[in-house]
Amino acid sequence: MAAGGSSLVMGSAVRLGRCCRLNAWMPGLVPVRGSRYNPYYLEPEIYKERHQIPVTELGPEEAAALELRTTRPIKAALSHQSSSVFYDFLVSKFTNMMMLKGQKLLSRSIMSKTFESIKRKQIESYHKASESEKDAIECNPYKIFHQALENCKPVIGLTSIQRGGKSYQVPTPLTDNRRRFLAMKWLLTECRENRHRRTHMNERLSQELLAAFNNEGNVIKRKHDLHKMAEANRAFAHFRWW
Amino acid sequence: MAARGWRLCAFLQRCSGCSMAMNVPTPVRMSLLVRLIGTSSCLHKKNMAATFHEKYTEEFIKQQIEEFNIGKRHLANMMGEDPETIGQEDIDRAIRYLFPSGVFDKKARPIMKHPLEIFPKQRAVQWGEDGRPFNYLFYTGKQSYYSLIHDTYEQFLNIQMYEDQLRDKGLFSLDCKPINLSGSRWLTKEELEEMLVEHISDQDYLYFLRLLERMLSLPYCSIKEEYVLKFRRRMEDQSKKQIIEALQFDESGVAFSKGEGKRKTAKATVIVRDHGSGNITVNGVDYLFYFPSLQEREQLMFPFQFLNRLGMHDMECTVHSGGISAQAGAIRLASSRALLSFITEKEVESMRQAGLLTPDPRVRERKKPGQEGARRKFTWKKR
């Protein structure tokens, strides 16, 4: 069996000219969706720890990926990415989704105010709680954010499939990226629409995040509704052919 | 022309009393007269070699090479260089000096290169005097390509035969050394065309690659390793392409290094000094006042934090043009490049894989006519 370089690797934003097989060195390769990078460029690895793992401890896939990275050019790190301990991938994704009209500063300030208000509320409840309950209260706003997002992620989704002129809602599995996206999207739509006009975004967000952390609130309700619909439409699951 | 002469003299012989001068040796003439009776005339009418639409004959190219070599020596004499050791760069410089040209297209300017680089490689005549082609696959139209495919498939069948022999003996096993293909790539379509001196289509190229991959999927493919490696090219390590400047030392013996970086329209130059305490000055102002936002300051610190050198260096930056984020990105690239002089090779490779050493190619897309912006179209109105 051939090792190493005969495996075929390709990013999703590339369309093939005329041929059907995926290969990074095929002619007729055209970058679609307007990436300024040549399709050969690979994504950067910004986490310091991953670079310090010695080669012997890597698995076979990771070793092959490292081999590939030594011979390929790498894209530049984005301007919101950094190797510092304060950089969080999920928080940065959520900030970008919350941003409107390119106002990153505003989005970031809302995020930091949200975390501050979460922390304040939790500290308040920590001081009010009895000794036995103090251990159960989580004060780290990042952990609360991650847990809330996990709780909001739907397990199964619905797609519309047309059969005999009528469109049915068919339950489908979702990829990780899609689940994360849906969770964030629901949080944001909930906080933007269902609020009093004088409540600020950071207050509303902190309320919603704390509720999601405790498996309550409108976003969790929406997730459960989706699950119920999927369960109800179980009969149509065989309509899916992929 | 000579053949016509023979036929003419044959005709004239029949009509006797001809006093035309025959400047041909008689025995040859007689033997040719005998030959002429049975053969068809079409084969003798044209010079078969010349029907090939050969752009440049071999003699022509040889002559060009001689002229080039003589011309090189003349040029060396003119420019005061040594005729024996004059190189292509010296020739280019001399031509640019002697024939200065302000033509916009670089390819339209006068060049003096070896004829083999200028005239495209073309195949010699593929058939002999009698018009029969040498290669048995000539009439396929792509003889080198198809003969290559036949050879490759022959190797494939040989591997299968070898495996069958082993199976008969009972020595067949699946754990055998595979061919090491890491760090190499398949040759590109252009390289294959160069190798075959023939034009091939995309589908042909892909079929050839598929055939090779099929060959590699056999367990005992390592017996034909040499053959397969002919079609692999080494990929050089990207980290070797980084230009690392040497450390410089100022009067007090403190090491420093300079770096330049660009991002969108912003351009930055940076001096990173050793034995510092993490002070960063941008355009004479402290970085805390120049970049009030946290994201930009994180970008400035990214390279240092990645290398665990946060409080060890002082940085002095000058940056102009561009916006806030663009300036921060330019300083980040410049400081990464400056830091290359202080660190080991492994750390250089880690930095490259973290994306710190690649200049970001994303720039503002131009507005197109007929649209409101780069992508946004005008509002569609039904009437």
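Laboratory data are not the source of any read-out in this text; all were calculated from the coordinates shown. Since the model is a prediction, treat every value here as computed from it, not as a measurement. Heads up, the Cβs are rebuilt from the backbone with ideal geometry, glycines too, and the neighbour counts pull from every protein chain shown.
Values for this structure:
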| item | result |
| --- | --- |
| Distance (nanometres) between label positions extended 7 Å along Cα→Cβ at A:Glu61 and B:Glu129 | 6.8 |
| Additional length obtainable on full extension of the chain from B:Tyr97 to B:His320, 0.36 nm per residue less Cα span | 76.7 nm |
| Percent RCO, i.e. relative contact order, over region B:82-207, from Cα pairs under 8 Å lying at least 6 residues apart | 20 |
| Neighbour-count order for B:Asp151, B:Asp204, fewest beta carbons within 10 angstrom listed first | B:Asp151, B:Asp204 |
| Local electrostatic count at B:Ile95 - Lys and Arg +1, Asp and Glu -1, tallied over other residues with Cβ under 12 Å | +2 |
| Convex hull volume per residue for chain B, taking Cα atoms only, in Å³ | 434 |
| Of all DSSP beta bridges in chain B, antiparallel share, percent nearest 5 | 90 |
| Those trypsin sites (Lys or Arg not before Pro) in region A:153-215 that DSSP places in a loop and that have at most 13 other beta carbons within 10 Å | A:Arg197, A:Arg198 |
| Cβ-Cβ FRET estimate between B:Asn158 and B:Thr188, R0 fixed at 35 Å, reported to 0.05 | 0.85 |
| Backbone HN-Hα couplings from phi across region B:283-296 [Karplus 6.51/-1.76/1.60, Hz, Gly and Pro as x] | 6, x, 10, 5, 5, 5, 8, 6, 10, x, 8, 5, 4, 5 |
| Virtual spin-label span in nm between B:Lys55 and A:Arg197, 7 Å along Cα→Cβ | 7.5 |
| Residues with amide H under 5 Å from that of A:Gly157, placed H, sequence gap 5 or more | A:Thr172, A:Leu174 |
| Per-residue mean of C-beta atoms belonging to partner chains within 10 Å, peptide B:200-206 | 3 |
| Theoretical FRET efficiency, 1/(1+(r/R0)^6), r = Cβ-Cβ of B:Ser277 and B:Ile243, R0 35 Å, to 0.05 | 0.75 |
| Residues A:Lys93, A:Lys101 arranged by fewest to most Cβ contacts within 10 Å | A:Lys101, A:Lys93 |
| Relative contact order computed over chain B (Cα-Cα under 8 Å; 6+ residues apart), in percent | 11 |
| Diffusion constant of the protein assembly as shown at 20 °C, which comes from Stokes-Einstein with the Kirkwood Cα-pair radius and 1.002 mPa s, µm²/s | 65 |
| Listed peptides B:285-292, B:83-90, B:98-105, B:185-192 by packing density, highest first (mean Cβ within 10 Å) | B:185-192, B:285-292, B:83-90, B:98-105 |
| Residue-averaged beta-carbon neighbours from other chains (10 angstrom radius) around B:295-308 | 4 |
| B:Asn180 versus B:Lys121: modelled label distance in nm, points set 7 Å from Cα along the beta carbon direction | 2.9 |
| Sequence of A:Met98, B:Met312 once ranked by neighbouring C-beta atoms within 10 Å, starting from the fewest | B:Met312, A:Met98 |
| Angle in degrees between helix A:104-128 and the longest Cα principal axis of chain A, rounded to the nearest 10 | 50 |
| R0 of 51 Å, Cβ-Cβ distance B:Thr379-B:Lys62: FRET efficiency to nearest 0.05 | 0.15 |
| Inter-chain Cβ neighbour average for residues B:181-190, partner chain, 10 Å | 5 |
| Relative contact order, percent, chain A [alpha-carbon distance under 8 Å, six or more residues apart] | 15 |
| Rounded to 10°, Cα long-axis angle of helix B:143-169 versus longest principal axis of chain B | 80 |
| Potential extension, A:Ile156-A:Arg234 segment - 0.36 nm per residue separation minus Cα distance | 27.0 nm |
| Local electrostatic count at A:Ala183 - Lys and Arg +1, Asp and Glu -1, tallied over other residues with Cβ under 13 Å | +4 |
| 15 Å cut-off, amide nitrogen to a point 7 angstrom out along B:Glu345 Cα→Cβ, residues in region B:210-247 | B:236-244 |
